[in-house]
Structure formats: C-alpha cells, structure tokens
Amino acid sequence: MGRPPVPTQVQIAKGDPSKRGTGKLQEMLARQPIAEKGLPECPEHLEPRAREAWEFWKGCLEAMNLDEKPDALMLEGACVNYARAVAADIAINGQLDIHVERTNQKGEVIGERWIANPLIAISTTAWDMVRKFCTEFGLSPVSRQRLTLEKKDDPEGDLKAMLSKPREQ
C-alpha cells in the first residue's frame, strides 16, 4: 500500500523535496479543487452521544479552519462510530472479556468452549474507525504535528522586520 501521498502545500512548504520543480508544484496546487467552507448543522437522526461528538469535532475543525462541506459525511460516520464504540464499552463493563458457552448435542452437555465477547470486536472496530477519522482530519496529536499552516502574506510586516534589523557591515 505504501505511504500516503504528501499534500502539495506541504511539498511546497518543505522546499520541493521530490525535486519536481516549484513551478510544477504551483500548477498542481492551482488545479486542486477548492471545497466550500462550513459544515452543516448536525443531522437530525444522530443519537445524543453522536450529536455531542458532532458539535465537539465541528468546533475543533472550525478552529483549525478545516471545516468543509464535503467532509460532512465523514464526520457523520465518525460520530456514529464514536457512539457505537462507547455503547459497546458500556455494555462490556462488568462482563467478562471471554465467556464460557456450553455446547450440547441431543440435549446433553458435551463440553465447554471459550468464546470472545462479540462486543469487544464491535468496540475495537468502531474505535479504529474513529482513530482513522481523527488522523485524516488532524484531530490526533501526531497528525496535528504533520499539519502545516501557511502564514498569510504581510508585506508591511515583512518590510518592518527587514528595516528593524541592525545594519550589516
């Protein structure tokens, strides 16, 4: 499968490590689609726990200026999986991680076998989906370190910084 592709803006910020040429990178950046900003309101069908996750993550994405309409469905899926994971964890609480199931043949008990609690698989899968969403959207510590935000051009500030430096002899 390999490494995920590096966003064009990150390649430009790193100084063109792949040696494609800054002109080609700028062309690639100009051809990229621009998504409409802003996430919609929380879908009505989400349960209360998923609604809380929606509002929380929506606020985080807005603060990082990453709230875009096409991402609403991914956010919805993450909220549903978060609610599912928490519900499975609550249901598991107090139960054994594995339990004994008696098997019988013709009405007689012939043995016992250990079976993993199916809620553990549900919880694990749902938490994995939540983790993947958080990684994609910069909502985990490691993925936030990988994000690079460009500074807005401030020609006046650049000029002031250059003029405020001491003279070189």
Subtract the Cα-Cα distance of residue 69 and residue 102 from 0.36 nm times their separation in residues, and report this length gain in nm to one decimal.
6.7 nm
Give the carbon-plus-sulfur fraction of the accessible surface of the range 32-97 in %, rounded to a whole number; probe 1.4 Å, heavy atoms of protein chains only.
56 percent
Can you work out the accessible area per residue across the range 15-136, with the rest of the protein chains kept in place, probe 1.4 Å, in square angstrom?
69 Å²
Computed log₁₀ I(q)/I(0) - Debye formula, equal Cα scatterers, no solvent, the range 1-86, q 0.21, 0.26 Å⁻¹
-0.96, -1.18
For the range 33-139, what mean projected area does the convex hull of the alpha carbons give, in nm²?
9.7 nm²
As an exercise, use a Förster radius of 35 Å and the Cβ-Cβ distance of residue 55 and residue 95 to find the FRET efficiency, rounded to the nearest 0.05.
0.70
Spelling out what I want: for every residue of the range 16-26, take phi, set θ = phi - 60°, compute 6.51 cos²θ - 1.76 cosθ + 1.60 (Karplus), and round to whole Hz; glycine and proline get x.
6, x, 8, 6, 7, x, 5, x, 5, 5, 5
Expected unfolding gain across residue 161-residue 136 under the 0.36 nm per residue rule, minus the alpha-carbon gap, is 5.4 nm
Charge dipole of the range 1-90 built from unit charges on the beta carbon (Lys, Arg +1; Asp, Glu -1), centred at mean Cα; most positive-end Cα among 64, 87, 23 is 23
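The values are calculated or read from the model by the stated rules, or taken from the named source; none is laboratory data. Only a predicted model underlies this, so the values are computations on that prediction, with no experimental measurement involved. Quick reminder, even Gly has a Cβ in these numbers, built from the backbone with ideal geometry, and neighbours come from all protein chains shown. Side chains are part of the model used for accessible areas, which takes the heavy atoms of the whole protein and leaves out ligands, DNA and RNA. Shrake-Rupley method; radii C 1.70, N 1.55, O 1.52, S 1.80 Å.
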